[in-house]
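Step one of this worksheet: look at the structure below.
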Amino acid sequence: MKLKQLQHESDSWKRLLAFIMDENIHLKNRLTEVLKDKFNKNLLEDLEYFHNNFVREDEMIRLVRNDVVELDKLLTREIFEDGRIARQIERKLHKLRNNLENIQNQFWKLKMGFNNYLSENV
């Protein structure tokens, strides 16, 4: 029963990461639109800052997605090995939960910051 719950949690994380990735793509597209239009060249440094953060977010998402895949493999092994790797799963879960919370919080701050910046400057 616990394995089933962990598999559901893993699936939920995958959906969350896909959503954040889609939102990040949307923000990068918005940045491209701003750069295509005539804009104040003095804002270029700030826009570059946001772009770099969007790229970093992509990298963090990629790393966490890999961790989720590793967890899925451990869960599959757990089913067949009858509880021998429970400690590895617990460590991975703890790490993933923390990383996902951090990514989610960081992304929402980045998104809000970018949208506020555009509202005030573009």
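Per-residue ellipticity at 222 nm computed for the chain from its helices equals -33000 deg cm²/dmol, with DSSP H segments shorter than 4 residues left out and the rest contributing -39,500 (n - 2.57).
Taking a point 7 angstrom from the Cα of Lys41 along the C-beta vector, which residues in the stretch 107-122 have backbone N less than 20 Å away? Answer for this model: 121-122.
Check every DSSP H run in the chain and write down those whose alpha carbon atoms cover 30 angstrom or more along the long axis and whose mean Kyte-Doolittle hydropathy is -0.5 or greater. Helix filter hits for the chain: 44-81.
Taken about its Cα centre, the stretch 1-100 carries a charge dipole of roughly 280 debye when the Cβ of each Lys and Arg holds +1 and the Cβ of each Asp and Glu holds -1. The lysines whose alpha-carbon is closer than 29 Å to the alpha-carbon of Lys36, local same-chain residues fewer than 8 away aside, are Lys28, Lys109, Lys111. How about the stretch 24-63: which trypsin sites (Lys or Arg not before Pro) there lie in a loop by DSSP and see at most 11 other Cβ atoms within 10 Å? Sites meeting the loop and neighbour criteria: Lys38. Ordering Phe19, Leu96, Leu63 by the projection of their Cα atoms onto the charge dipole of the chain, which places +1 on the Cβ of Lys and Arg and -1 on the Cβ of Asp and Glu, puts Leu96 at the extreme positive end. The C-alpha radius of gyration of the chain, expressed as a fraction of 2.2 N^0.38 Å, stands at 1.37.
Rule-based calculations on the coordinates, nothing more; no lab input. Owing to the predicted nature of the structure, the values given are computational and were not obtained by experimental measurement. Every residue, glycine among them, receives a Cβ derived from its backbone with ideal geometry; neighbour counts consider all protein chains shown.
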